[in-house]
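Remarks on the structure that follows.
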Amino acid sequence: MNQPLRIALIGAGVMGRQHYHHLRTLDDATLCAVCDPGLQAAEFAAACGVPYFTDHQQMLEQSKPEAVIVANPNSLHVSTALACIAAGVPVLLEKPVGVHLDEVRELVAASTASAVPVLVGHHRRHNPLIARAHELLSSGALGRLTSVTALWQVQKPDSYFDIPWRREAGAGMLLTNLIHDLDLLRHLCGEVRQVQAFTSNSVRGFANEDSAAVLLQFDNGALGSLTGSDAVAAPWSWELDSGENPIYPNQADQPCYLLAGTRGALSIPQLKRWHYAESGAGWHQPLLHVQETYPHEEALRRQLQHFLQVARGAVAPLVSAADAGRTLALIEAIRKAAESGRACAPEVI
Ligand SMILES: NC(=O)c1ccc[n+]([C@@H]2O[C@H](COP(=O)([O-])OP(=O)(O)OC[C@H]3O[C@@H](n4cnc5c(N)ncnc54)[C@H](O)[C@@H]3O)[C@@H](O)[C@H]2O)c1
């Protein structure tokens, strides 16, 4: 067996600690340093038994990690990842890959030129149920994908907005939450050619959106809609329906994505697949259904296992910086479409 890979953590907040929780269950990786200028980070590093740093440059020079997990604030993602790449260290970079497309282009160029890989933490793609859905769609089990319905409708408590930046423009549910759904839609249904969108802040009146309705036209011709709100008492969202994170009480019987094609349909996360017994059948015949199965494993842990392979050079990242950049470009297109009232195409990365 390989020596355990020495991994440093930059940003030991909520998400960084979740990564550590899974890292410590893997035999072939070990934490070697923590870097975070925050008040409680030194204590966390001491509890993990590793050296503590407040500056990532110093950490890279002194600890010489073989791979780094970056889970610091969004605006620092690209500059931190660039420093790791300059030191030749593969990066697992939390989402969003960056906050502006130009900085993401710089990151993609640096990763490509140096051949130092970046895996972006769109962890839901690593969920086995998404892997199974991806297989079904790729195998043509639904025929030609035609109609895509996605729902993200939750209630964030008032206390969530006590933290000032969560009320500011640009920090709303599009970039924080719907980015996950849009990334999965790209992964499962293909690239998006153009979008139309409306957003509203009418429930809370903050500078960012509390509701959005998006129309999507995919390159393959499929048409879709995504309706989202973080101000509704409703059960339709990946968080509540998938059971991926136990902090959200599970609504296991409710779907968040409904994908329909010429030969069948699929509800996610239930992975219930509908089809007719014979081709040519229609709405007067019984619509049959199959319960698809998949292994139950934690997406974040699987993402970390994949990252170890990426860092060892065995596989390419499932979500590269360029790929995650295309999801960010889609968010930008939705913003522009909502502002202008016109259909907008995502910029090329
Ligand atoms: N994949 C997901 O589902 C998911 C979920 C939550 C958060 N995230 C992402 O993870 C990242 C962190 O979010 P969080 O919820 O853990 O936030 P958080 O505020 O709990 O943690 C961020 C940490 O970064 C530290 N930090 C600030 N400046 C730093 C610097 N210069 N160098 C190193 N560390 C620094 C802070 O002290 C803090 O401990 C964000 O990018 C967020 O988008 C992803």
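Where q = 0.09, 0.20, 0.21, 0.23 Å⁻¹, what log10 of I(q)/I(0) comes from the Debye formula for the range 194-305, counting one point per Cα? Taking Cα atoms of the range 194-305 as identical point scatterers yields -0.36, -1.21, -1.22, -1.25. May I ask you to derive the relative contact order of the chain, considering only C-alpha pairs under 8 Å and at least 6 residues apart, and to give it as an integer percent? It rounds to 19 percent for the chain. Per residue, the accessible area of the range 2-150 comes to 42 Å² when a 1.4 Å probe rolls over the protein heavy atoms. Among the protein heavy atoms of the chain, carbon and sulfur supply 53% of the accessible surface, probe 1.4 Å, non-protein parts ignored.
Maximal additional length on extending the Thr149-Ala169 stretch stands at 4.5 nm, based on 0.36 nm per residue less the C-alpha distance. The stretch between Ala213 and Thr54, if pulled fully straight at 0.36 nm per residue, gains 53.1 nm over its current Cα-Cα span.
In the chain, the inverse of the mean reciprocal separation of distinct Cα atoms equals 21.3 Å; this is its Kirkwood hydrodynamic radius.
Annotation: Tyr160 carries an accessible surface of approximately 50 Å², with a 1.4 Å probe and no ligand, DNA or RNA atoms counted.
Other residues lying with their Cβ under 15 Å from the Cβ of Lys272 contribute a combined charge of -1, Lys and Arg counting +1, Asp and Glu -1. At an R0 of 56 angstrom, the distance between the Cβ atoms of Ser340 and Asp27 translates into a FRET efficiency of 0.60. Given an 8 Å cut-off on Cα distances and at least 6 residues of separation, report the relative contact order of the range 37-107 as a percent. Over the range 37-107, the number comes to 26 percent.
Less than 5 angstrom separates the built amide H of Leu119 from those of Val91, Leu92, Leu93, all sequence-distant by 5 or more or on a different chain.
Rounded to the nearest Hz, the phi-derived 3J(HN,Hα) couplings of the range 221-238 under the Karplus curve 6.51 cos²θ - 1.76 cosθ + 1.60 (θ = phi - 60°) are x, 5, 10, x, 9, 10, 10, x, 7, 9, 10, 10, 8, 9, x, 9, 6, 4, where x marks glycine and proline.
Give, as a single signed number, the net charge of other residues whose beta carbon lies under 10 Å from the beta carbon of Tyr257, with Lys and Arg counted +1 and Asp and Glu -1. Result for the neighbourhood of Tyr257: -2.
Solvent-accessible area of His289, all protein chains in place: 110 Å² (probe radius 1.4 Å, heavy atoms, ligands and nucleic acids excluded). Over all pairs of different C-alpha atoms in the range 1-150, the reciprocal of the mean inverse distance, the Kirkwood hydrodynamic radius, equals 16.8 Å. Computed over protein heavy atoms with a 1.4 angstrom probe, the accessible surface ordering of Glu66, Glu209, largest first, is Glu66, Glu209. Measuring r between the beta carbons of Ala281 and Asp162 and using R0 = 45 Å, the FRET efficiency lands at 0.25.
For the pair the range 1-76 and the range 178-224, the centres of their Cα atoms are 34 angstrom apart.
Using a 7 Å offset from Cα along Cα-Cβ at Val290, what residues in the range 258-277 end up with backbone N under 14 Å from the label point? Backbone N within reach: 263-267, 271-277.
For the chain, the mean residue ellipticity at 222 nm estimated from helices alone is -9500 deg cm²/dmol, where every DSSP H run of n ≥ 4 contributes -39500 (n - 2.57) and the total is divided by all residues, rounded to the nearest 500. At the residue level, Ser211 shows approximately 30 square angstrom of accessible surface with a 1.4 angstrom probe and all protein chains present.
Taking the range 209-253 and a reference point 7 angstrom along Cα→Cβ of Lys272, the backbone N atoms nearer than 17 Å belong to 235-238, 241-243, 251-253. Ratio of Rg to Rh for the range 168-240: 0.98 [Cα atoms; Kirkwood radius as inverse mean 1/r over pairs]. Our analysis of the range 63-190 gives Rg over Rh at 1.03, with the two radii drawn from alpha carbon positions and Rh computed by the Kirkwood formula. Which shape class applies to the range 255-299: rounded if a/c is under 1.5, otherwise prolate when a/b exceeds b/c and oblate if not, where a ≥ b ≥ c are the square roots of the Cα gyration tensor eigenvalues? Note, shape of the range 255-299 comes out prolate. Relative contact order of the range 193-276, taken over Cα pairs closer than 8 Å and 6 or more residues apart, is 16 percent.
The values are calculated or read from the model by the stated rules, or taken from the named source; none is laboratory data. Because the structure is a prediction, the values reported are computed rather than measured. All Cβ positions, even for glycine, are placed from backbone atoms using ideal geometry, and neighbour counts span all protein chains on display. Ligands, DNA and RNA are excluded from the accessible area calculation, which covers all protein heavy atoms including side chains. Shrake-Rupley method; radii C 1.70, N 1.55, O 1.52, S 1.80 Å.
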